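Read through the structure below, which is laid out as structure tokens, and then see the notes.
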Amino acid sequence: MKFVDDLFKMYAKDIHSDEDALLLVSDIVENTERKELEKYMKDMSDDEVMEMVMLYMYERLRLLLHENRYKESSTDETHRIFH
């Protein structure tokens, strides 16, 4: 995606970790109107849109799995403490 490639060129010296990348992306998305984001998406190829959706779904599933495992381990720990 040209937009992301351009971002990388501008901020490559400032991105040292996943957290840095996440902060940059979060700041951009929070300060960009939905219509402008939709314009970027319209400029994307079908493959880029599919990759974006795939990565979003993958990350959401990872987050949900992590949250579920945390809840299960917390419940197990609470169960052990009170029994």
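Helix screen, the chain: DSSP H segments with Cα axial length of 20 Å or more and mean Kyte-Doolittle hydropathy at least -1.0 are 46-82. The slack between residue 50 and residue 19, meaning 0.36 nm per residue of separation minus the straight C-alpha distance, is 8.7 nm. Mean residue ellipticity at 222 nm, helices only, the chain: -28000 deg cm²/dmol; runs of at least 4 DSSP H residues each add -39,500 (n - 2.57), and the sum is divided by the number of residues. Counting heavy atoms of the protein chains alone, residue 60 has an accessible area of about 100 Å² for a 1.4 Å probe. Residue 11 sits among other residues whose Cβ lies under 11 Å from its own Cβ, and their net charge, with Lys and Arg +1 and Asp and Glu -1, is -2.
Residue 22 exposes around 110 Å² of accessible area when a 1.4 Å probe is run over every protein chain in place. A Förster radius of 35 Å combined with the Cβ-Cβ distance from residue 4 to residue 74 puts the calculated FRET efficiency at roughly 0.40. Based on Cα atoms of the chain, Rg over Rh with Rh as the Kirkwood radius reads 1.17.
The values are calculated or read from the model by the stated rules, or taken from the named source; none is laboratory data. As the structure is a computational prediction, the values presented were derived from the model and not from experiment. Backbone-built Cβ (ideal geometry, glycine too); neighbour counts: all protein chains shown. Accessible surface areas use protein heavy atoms only, side chains included; no ligands, DNA or RNA. Shrake-Rupley method; radii C 1.70, N 1.55, O 1.52, S 1.80 Å.
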